[in-house]
Amino acid sequence: MHVQNMNEKQYFYHIITFGCQMNKNDSARMESILKSMNLKPTAEPEDADIIIMNSCSVRETAERRVYGKSRIFAELKKKKPNLIVCVTGCMPGRDKDGKLEKRLHDVDLYFPTRDMVMLPKWLSEINPELRSIDLEDDYLTVVPRTKNKSQAFVTIQTGCNHFCTYCVVPHARGTEGNRSLKSILDEVKELVSKGCLEITLLGQIVNHYIAPDPEFFSSNNPYQKNDFAKLLWEINQMDGVERIHWTAPHPVYMDDEVIDALTLPKQINFIHLPVQSGNSEILKKMNRRHDRDFYVDVIKKIRAKKPEIAIGTDIIVGFSGETEEKFQDTVDLFRECDFDISYNAQYSQRSGTVAAKAFTDNIPKEEKKRRWFVLQHLMESIAYKKNQEYIRREVSVLVDTYKNGTCGGNSSEMKRVNFPGKEDYLGTIVPIRINRAAEWILWGDMV
C-alpha cells in the first residue's frame with residue numbers, strides 16, 4: 001500500500017459522463033483506477049489536474065457537448081498548462097478515421113473504453129509525479145467505485161452483434177463479449193457483503209448473455225436453455241439481495257425462460273423493452289430482426305405471466321422513410337402495449353452507421369419534433385391514468401434521497417415516490433401507501 005509523503009502534491013480529477021448507465025458504470029471504474037493512484041475527486045473542473053470526458057455517440061447533441069467542453073478546457077489549459085484533458089467512451093471507440101478527434105481542442109488522451117487499463121501508464125508518462133499502477137488487461141476486472149452502497153450496477157456484457165442500422169454501439173464498443181459467470185457472481189457477492197440491496201445487470205443486449213464458464217451454474221438451477229435466465233435465478237438465491245433489475249433486453253431473446261424469470265421473487269416489477277417503431281417496414285429498415293406482431297406477442301406473454309408489471313420502452317421518431325401513416329402505427333402500438341414510460345428520441349443520423357450510408361435522412365426536423373411531442377403527450381396521459389391506480393395501494397420503496405423531511409426513492413415498478421420521513425431511511429426499503437399521484441411522481445406515507 002502506498003503511503004503519501006507529506007511533501008507530495010495532492011492531485012485531483014474531475015470526470016464528466018455523457019450518455020447511458022453503461023457509461024456511468026465505466027466512469028465508476030475509472031474512479032477506482034484514479035483513486036488507486038492516490039488522486040482525489042473534485043466537483044469543480046477548475047480545481048482538477050486531470051479531466052476525463054466519458055463520451056456518448058448515440059445522439060449528435062451528445063457529441064456536440066463534448067466538442068463544446070473541449071473548447072472550454074482548452075481555455076482553462078492556458079491558465080493551467082499542466083492540466084491533462086482526456087476523452088474516452090463511444091467517440092474514440094467509433095472514430096476509425098480520426099475525424100471526430102480532429103474536431104476536439106487540445107485533448108491529451110483519446111482512447112476507447114476498453115483501454116482504460118492503460119490510463120495509469122499514460123498519465124504517469126505525461127506527468128511523472130503521478131504514480132502508475134499495474135492492472136489486468138480486461139477493464140471489466142476493475143471494480144467500480146460505488147457512491148450509493150445500497151444500489152449497484154454490474155456489467156455482464158459489452159458490445160453488440162446486431163448492427164441495428166441507426167446504432168453506433170457495435171462500432172463504438174465492438175462486438176458482443178460476455179463476462180465470466182464466476183466474476184459476475186463474485187462481484188455481486190462482494191457488493192451484497194457491503195450492504196447492497198439492489199443489483200442492476202447491464203448489457204447492450206443483456207438477455208443474450210452467454211456464460212463462457214457455465215460450469216459455475218448450480219446443478220439445481222431450474223432453467224435449461226437461457227443462460228441469462230439461469231443467471232437471474234443464481235442471483236435470486238443470494239442472501240442479502242432484495243431487488244434485481246436489468247437493462248436493456250432485446251425482444252427476440254425474450255423466450256419463455258426469461259419471461260418466467262420475471263416472476264422470481266427478487267425481480268423488480270418492471271421491464272424496459274425497446275421497440276423503436278410500431279411499423280414493420282421501418283423495423284426491417286432498422287434491422288431490428290422482428291416485426292410489429294412479434295413485439296406485441298412478447299408483451300402479451302409478459303403480461304400473461306405477470307399481469308401488473310410496469311413496462312417501459314424506447315422509440316425513435318422520424319427515421320428515414322417514416323411516413324405519417326407509419327408513424328401512426330407507432331402511436332397505435334403505444335396505446336396497444338399501454339406503456340408506463342417511453343424514452344422517445346428524434347432520429348439523429350450517425351456517421352459510420354448503415355443508415356447513414358444507405359438511407360436519406362428525409363424527415364424534416366420540425367416534423368420529427370412534432371411527432372416527438374405527439375408521443376410525449378400520449379405517454380403523459382397514459383402515465384397519469386395508470387398512476388391513479390396506485391392510490392391507496394402499498395408499494396415498497398428503496399430510499400435514495402432525503403431533503404427537508406422528505407424521502408424519495410423508486411418503487412419496484414420504477415415509479416418515483418416521495419413521502420415524509422427521516423434521513424435514517426436512506427438505503428433502506430420501506431412500505432409506502434400512496435395517497436396522491438401525478439404523471440411522474442407518487443406521494444404517500446409510511447405504513
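Quick notes on this structure:
- For segment 275-294, taking the residues that are touching a helix residue (DSSP H, G or I) at 6+ places or on another chain (Cβ under 6 Å) and outside any loop (DSSP other than H, G, I, E, B), the one that is surrounded by the fewest Cβ atoms within 10 Å (Cβ to Cβ) is identified as Ser280.
- Enumerated helices (runs of 4 or more DSSP H) restricted to segment 131-248, each holding at least 1 residues that are loosely packed, with under 14 Cβ neighbours inside 10 Å: 181-193
- Residue within segment 276-290 that is under 30 Å from Lys147 (Cα atoms) and not hydrophobic (A, V, I, L, M, F, W, C) present: no
- Residue match in segment 325-345 (condition: assigned to a strand (DSSP E or B), hydrophobic (A, V, I, L, M, F, W, C) and at pLDDT below 95): yes
- Note on segment 303-330: among residues that are under 20 Å from Asn387 (Cα atoms) and not charged (D, E, K, R), the one that is surrounded by the fewest Cβ atoms within 10 Å (Cβ to Cβ) is Pro307.
- Selection status of Gly409, outside the structural domain of Asn269 (by TED's automatic domain parsing) and buried (at least 16 other Cβ atoms within 10 Å of the Cβ): yes
- In the set (1) at pLDDT 90 or above; (2) not assigned by TED's automatic domain parsing to the domain that holds Arg29, Val169 fails one condition alone, (1).
- Every residue from segment 86-108 that is of a type in the set (Gly, Ala, Ser) and within 11 Å of His171 (Cβ to Cβ): Gly93
- Listed by first and then second residue, the pairs linking a residue in segment 265-277 that is in the same structural domain as Cys164 (by TED's automatic domain parsing) and on the phi > 0 side of the Ramachandran plot to a residue that is in a loop (DSSP other than H, G, I, E, B) and surrounded by 20 or more Cβ atoms within 10 Å (Cβ to Cβ), with Cβ atoms under 7 Å apart and 6 or more places separating them unless they lie on different chains, are Gln276/Met286; Gln276/Arg288.
Listed here are the residues, each with its yes/no results for (1) without any contact (Cβ under 8 Å) to a residue 40 or more places away in the chain; (2) surrounded by 15 or more Cβ atoms within 10 Å (Cβ to Cβ).
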{"position": "Glu367", "(1), (2)": "no, yes"}
{"position": "Leu378", "(1), (2)": "no, yes"}
{"position": "Ala383", "(1), (2)": "no, yes"}
{"position": "Ile391", "(1), (2)": "no, no"}
{"position": "Gly405", "(1), (2)": "yes, no"}
{"position": "Pro431", "(1), (2)": "yes, no"}
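- Count of residues meeting criterion [closer than 20 Å to Leu375 by Cβ, among the hydroxyl-bearing types (Ser, Thr, Tyr) and in contact (Cβ under 8 Å) with a residue 40 or more places away in the chain] in segment 318-362: 4
- Among residues of segment 249-274, those that are out of contact with any helix residue (DSSP H, G or I) (no Cβ under 7 Å at 6 or more places or on another chain), β-branched (Val, Ile, Thr) and surrounded by fewer than 20 Cβ atoms within 10 Å (Cβ to Cβ), counted: 1
- Close pairs (7 angstrom Cβ cut-off, 6 or more residues apart or separate chains): among the polar types (S, T, N, Q) in segment 236-251, part of a loop (DSSP other than H, G, I, E, B) anywhere: Asn236/Leu264; Asn236/Pro265; Asn236/Lys266
- Within segment 25-65, tally of residues that are of a type in the set (Val, Ile, Thr) and either outside the structural domain of Gly93 (by TED's automatic domain parsing) or at pLDDT below 95 (or both): 3
To keep it simple, each residue is scored yes or no on (1) outside the structural domain of Gln157 (by TED's automatic domain parsing); (2) at pLDDT 95 or above; (3) aliphatic (A, V, I, L, M); (4) within 25 Å of Gly174 (Cβ to Cβ).
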| position | (1), (2), (3), (4) |
| --- | --- |
| Leu201 | no, yes, yes, yes |
| Asn207 | no, yes, no, yes |
| Leu231 | no, yes, yes, yes |
| Glu242 | no, yes, no, no |
| Val258 | no, yes, yes, yes |
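- Selection status of Leu83, more than 29 Å from Phe319 (Cβ to Cβ), surrounded by fewer than 19 Cβ atoms within 10 Å (Cβ to Cβ), modelled with pLDDT of 95 or more and of a type outside the set (Asp, Glu): no
- Evaluation of Ile299 against the conditions (1) surrounded by 20 or more Cβ atoms within 10 Å (Cβ to Cβ); (2) over 25 Å from the mean Cα position of the chain (by Cα); (3) not in a loop (DSSP other than H, G, I, E, B) shows that the sole unmet condition is (2).
The values are calculated or read from the model by the stated rules, or taken from the named source; none is laboratory data. Note that the structure is predicted; figures quoted are calculated from it, not measured. Reconstructed Cβ throughout: ideal geometry from the backbone, glycine too, with neighbour counts over all protein chains shown.
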